[in-house]
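Shown next, in structure tokens, is the structure this report addresses.
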Amino acid sequence: MDLAARLGDAGFTPGAKHFLPLFAVLEAGGDQADLAEKALARAGEAVVEPVRRRLVDAPSPLRARLAVVLGRVAAGGSASAVDLVTGLLGDDDWRTRRAAARAFAKIRGEGVEARLVERWSSEPQVEVRRSLAESMGRAGAEASLRALSATTPPTDPELARLLANAITTLTREGSRETPSAIAGDVSPAAPALLVFHVRRGLEPVLVEELAAWGARNVAPGVVTATLNGPLSSVHVARTWLSFGFRIAPVPVRGEVADAVASAISSRAAREIFRRFTVGTVRFRLAFSDAAHHRALSWAIASAVRERAPELVNDPTSSTWEVTVVEHEKTARIELSPRALEDPRFAYRRGDVPAASHPTIAAALARIAGPRENDVVWDPFCGSGLELIERARLGGCKALVGTDVDTRAIETARQNVASAGVTARIAKGDAREYRVPGVSLIITNPPMGRRVSNKAELGPLLDDALASWAAQLVPGGRIVWISPMAGTARRAEKLGLRVTERRDVDMGGFTAQLQKLEKP
Ligand SMILES: C[S@@+](CC[C@H](N)C(=O)[O-])C[C@H]1O[C@@H](n2cnc3c(N)ncnc32)[C@H](O)[C@@H]1O
């Protein structure tokens, strides 16, 4: 097979006799040259000396190609290749210098950073400086950060961008040495407005949970409330999904990134960061539209660093999440202490495939309310969250959970034990099981999403409802999420009163939360 054909084979490792012909392919350029670069690099250490000899009088485009080959071999750990490619950082041909500078992004080892820093101090060519900045950002550490930060702001916008990105990356890595945590026991200096996010349909439940905080439902899925006590007191409410401090919006006049950065580095934001963080403030950026906005994120990070160097942008190891809620005319942000430990549902030891979202279980329990001597039954108990959430409110005389699935029963037993709740968990069909004296049926039944035969769901729930209506003591109630609004009519026919019904977002689909009472 001729050499050209073998180049396409990723398993082909050239030997001594192939080197010169392959150098000729490199020199000719084009796609074949790209393949030849890779093939030559696979030869590893063996190709270093032939490359060195060829470099003595290699003309310009070939020199850069040879630098790429050496860079690959150097990245594989060859010390002689590292030395040779270091020499090329000072080559007369700038394209060769650029190829060498790029190669350093993947070269690790002692002394490597010092070589880049040295070159950075004297390199005149802007294209090479761009590659040096990128490589220092990837391979460098403190010395690179010092050298890059001390640079006079470049006039070339692309270099300015790459320089800022490299500084962002290096700052973030340097700060990981120092701890960063959220102080949950600290209270705000003055009452602070918090924004809580909750599943749509559950807003009134959260407003009630935070009634003493002046809670208000301000938009679908959004409740605001005022924090007066320690930060961790937010956990008194069990139905929110996330929360953050709302910062006053900043008008966008020029660049969006500048406006967002002004909000993040505003006095109000800095005070919150400082007050509730132990150690370095590390934040990551998120956007409420869930998109990535990569370029904007880098630009914001760099603009924040200029205004507030103590705030470190770090997407992977962050104590705070800064969500950009709006950035067209005004930059509006929320600061969420994502490293604040959330103990609310820490009792969960296991999950079942269709487990309830814990905030929904908490909402059902809240709507059922505490009642003295309550006899509580969850006929589709799954992992047992509704029983546990109801037990937490107190007043239960007995708690019973049943399910047809043996694994769900096992999981529910583990969860109730870890929550410190005493409940009887047994195997049983929701339509046939009997719980004498039951005063509350609280449940999240199958939603027909995972049931193989959806047609069976209607009759299953109808039969279950009829059996429950018959068993409930007078004054008893059913609080459940129904996948079908029609179950309310069916309940009325069974003599139950529908005292509450509202659509709830179940995470991609809607179901109806219903409270049915037996007169
Ligand atoms: C949506 S899951 C319940 C989730 C539960 N609330 C939790 O927190 O994990 C529905 C449960 O109903 C159970 N199930 C399905 N058909 C049943 C039936 N006829 N009788 C009793 N349980 C049944 C399933 O095994 C499943 O565990």
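Here are some notes:
- Among the residues of the range 329-359, those identified as of a type in the set (Asp, Glu), open to solvent by 20 Å² or more (accessible area, probe 1.4 Å) and away from the ligand (no atom under 16 Å from the Cβ) are GLU341, ASP342.
- Residues of the range 382-401 classified as of a type in the set (A, V, I, L, M, F, W, C) and either in a helix (DSSP H, G or I) or touching a Leu at 6+ places or on another chain (Cβ under 6 Å) (or both), total: 5
- Being buried (at least 20 other Cβ atoms within 10 Å of the Cβ) and among the aromatic types (Phe, Trp, Tyr) holds for only one residue in PHE287, PHE243, and it is PHE243.
- All conditions but one from (1) free of Cβ contacts under 8 Å to residues at least 40 places away in the same chain; (2) under 18 Å from VAL479 (Cβ atoms); (3) among the hydroxyl-bearing types (Ser, Thr, Tyr) apply to SER356; the one that does not is (1).
- Unique residue being within 13 Å of the ligand (Cβ to nearest atom) and under 41 Å from the mean Cα position of the chain (by Cα) when the list is GLY420, GLY428: GLY428
- Count of the range 206-227 residues, restricted to those that are among the small types (Gly, Ala, Ser), in contact (Cβ under 8 Å) with a residue 12 or more places away in the chain and open to solvent by 40 Å² or more (accessible area, probe 1.4 Å), is 1.
- Among the residues making up the range 393-403, those that are aliphatic (A, V, I, L, M) and either within 13 Å of the ligand (Cβ to nearest atom) or surrounded by fewer than 23 Cβ atoms within 10 Å (Cβ to Cβ) (or both) are LEU393, ALA398, VAL400.
- Whichever residue in the range 404-425 is of a type in the set (D, E, K, R) and part of a helix (DSSP H, G or I) and, among such residues, is surrounded by the most Cβ atoms within 10 Å (Cβ to Cβ): ARG413
- Qualifying positions in the range 246-282 - surrounded by fewer than 17 Cβ atoms within 10 Å (Cβ to Cβ) and of a type in the set (Asp, Glu): GLU255, GLU271
- Test: ALA362 is surrounded by 23 or more Cβ atoms within 10 Å (Cβ to Cβ), farther than 25 Å from LEU163 by Cα and within 16 Å of the ligand (Cβ to nearest atom): yes
Residues are listed down the side, and each one gets a yes or a no for (1) closer than 21 Å to ALA391 by Cα; (2) more than 16 Å from the ligand (Cβ to nearest atom):
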position: VAL438; (1), (2): yes, no
position: MET484; (1), (2): no, no
position: ARG497; (1), (2): no, yes
position: ASP503; (1), (2): no, yes
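- GLU326 vs. criteria within 19 Å of GLY244 (Cβ to Cβ) and surrounded by 17 or more Cβ atoms within 10 Å (Cβ to Cβ): no
- Condition check for ALA33: among the hydrophobic types (A, V, I, L, M, F, W, C), in a helix (DSSP H, G or I), in contact (Cβ under 8 Å) with a residue 12 or more places away in the chain and in contact with an Asp or Glu (Cβ under 9 Å, 6 or more places away or on another chain): yes
- Remark: pairs (first residue in the range 372-392, open to solvent by less than 10 Å² (accessible area, probe 1.4 Å) and more than 13 Å from the ligand (Cβ to nearest atom); second residue in a loop (DSSP other than H, G, I, E, B) and not basic (Lys, Arg); Cβ separation under 6 Å; 6+ apart in sequence or on different chains) = ASP374/GLY395; ASP374/SER439.
The values are calculated or read from the model by the stated rules, or taken from the named source; none is laboratory data. Being a predicted model, the structure only gives us computed values, none of them experimental. Glycine also receives a Cβ, built like all others from the backbone with ideal geometry; neighbour counts cover every protein chain displayed. For the accessible areas, the whole protein counts, side chains as well, though only heavy atoms, and no ligand, DNA or RNA atoms are used. Shrake-Rupley method; radii C 1.70, N 1.55, O 1.52, S 1.80 Å.
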